[in-house]
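S.K.: Here it is: the structure, laid out below.
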Amino acid sequence: PSPGPVSLLPDAPPAAWAASLELVVEPALRLEHHRSIRALDAAEWDRCLGANGTYTAAGLAMLEAIFTRPESRPEDRWAFHYFAVRDREGRPVALTFFTEALWKDDMVARKAVSEAVEAERARRGDPYWLTSRTFAMGSLLSEGRHLWLDRAGPWREALDLVLAAADAERQACGATVLALRDFEPGNGPLEAHLRARGFLRFQMPDAAIL
């Protein structure tokens, strides 16, 4: 096992920083929002993100086929969102994906806390007690670096575009949480940028790496 990746959740209402985003975004950057991986260039996606986990373009197409079935249980019905930010030449500056899904509120709590919550769910006969609609980077079946940034380009402005779009979609779907994951420890400039946007850092469980 290695130290688990870091996730970030907003510590302040997104409205507190949303207005400032308009001041820092370069007009030359263009945000794309797609609802399926099939709308993106598979070779470009795999070149930027495909080596970081199970979410190659083909892997995401498989997840979409499994987790968008309307007859599935609420926890097995996800909605996929893909964001690409490009410069004036069409080159990607940021690529990532998010899913709308039902998360247990105790998912990253201490073992004793989670066991107590599960016992209470069983006592109530309500498996959805203390669960929340969450708009999260990546998915519940993916692990690794879900955000690709071209650090030679205006990555801060591109990331701000992604954050604004993600929060708008979070509000539209009624999710109460916006989560960004997974980040390796020691990425100072990125963490400082996200903290300045009102996000706080918390540790995810250990990750196994081959």
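S.K.: With respect to the numbered conditions (1) in a helix (DSSP H, G or I); (2) closer than 12 Å to Phe98 by Cα; (3) charged (D, E, K, R), which one is the sole condition not fulfilled by Glu191?
M.R.: Here Glu191 clears every test but (2).
S.K.: Name the pairs: first residue in segment 49-70 and among the aromatic types (Phe, Trp, Tyr), second residue open to solvent by 40 Å² or more (accessible area, probe 1.4 Å) and outside any helix (DSSP H, G or I), Cβ to Cβ under 7 Å, at least 6 apart or on different chains?
M.R.: Phe67/Arg77
S.K.: Something else: Write out, first by first residue and then by second, each pair whose Cβ atoms fall under 6 Å of each other, whose residues are 6+ apart or on separate chains, and whose first residue, in segment 187-204, is farther than 22 Å from Asp105 by Cα while the second is among the charged types (D, E, K, R).
M.R.: Between residues of segment 187-204 that are farther than 22 Å from Asp105 by Cα and residues that are among the charged types (D, E, K, R), the close pairs are His193/Arg156.
S.K.: Next question, about the same structure. Quick check on segment 77-92. Is at least one of its residues of a type in the set (Asp, Glu) and either touching a helix residue (DSSP H, G or I) at 6+ places or on another chain (Cβ under 8 Å) or farther than 30 Å from Gly153 by Cβ (or both)?
M.R.: No: zero hits.
S.K.: Are any residues in segment 51-66 under 16 Å from the mean Cα position of the chain (by Cα) and crowded, with 16+ Cβ neighbours inside 10 Å, and if so, which ones?
M.R.: Listed by number, the residues that qualify are Asn52, Gly53, Tyr55, Thr56, Leu60, Leu63, Glu64.
S.K.: Ok, one more. Taking segment 143-164 on its own, how many of its residues are open to solvent by 40 Å² or more (accessible area, probe 1.4 Å) and either touching a Lys or Arg at 6+ places or on another chain (Cβ under 6 Å) or not in a helix (DSSP H, G or I) (or both)?
M.R.: Here the count works out to 6.
S.K.: Evaluate segment 169-184: report whether one residue or more is surrounded by 15 or more Cβ atoms within 10 Å (Cβ to Cβ), in a strand (DSSP E or B) and small (Gly, Ala, Ser).
M.R.: Among the residues of segment 169-184, at least one is surrounded by 15 or more Cβ atoms within 10 Å (Cβ to Cβ), in a strand (DSSP E or B) and small (Gly, Ala, Ser), which makes the answer yes.
S.K.: Quick one: which residue in Arg69, Arg86, Arg123 is under 22 Å from the mean Cα position of the chain (by Cα) and open to solvent by 40 Å² or more (accessible area, probe 1.4 Å)?
M.R.: Arg69
The values are calculated or read from the model by the stated rules, or taken from the named source; none is laboratory data. Computed from a predicted model, the values in this text were never measured in an experiment. Cβ: placed from backbone, ideal geometry, glycine included. Neighbour counts: every protein chain shown. Please note that ligands, DNA and RNA were not included when accessible areas were found on the heavy atoms of the full protein model with its side chains. Shrake-Rupley method; radii C 1.70, N 1.55, O 1.52, S 1.80 Å.
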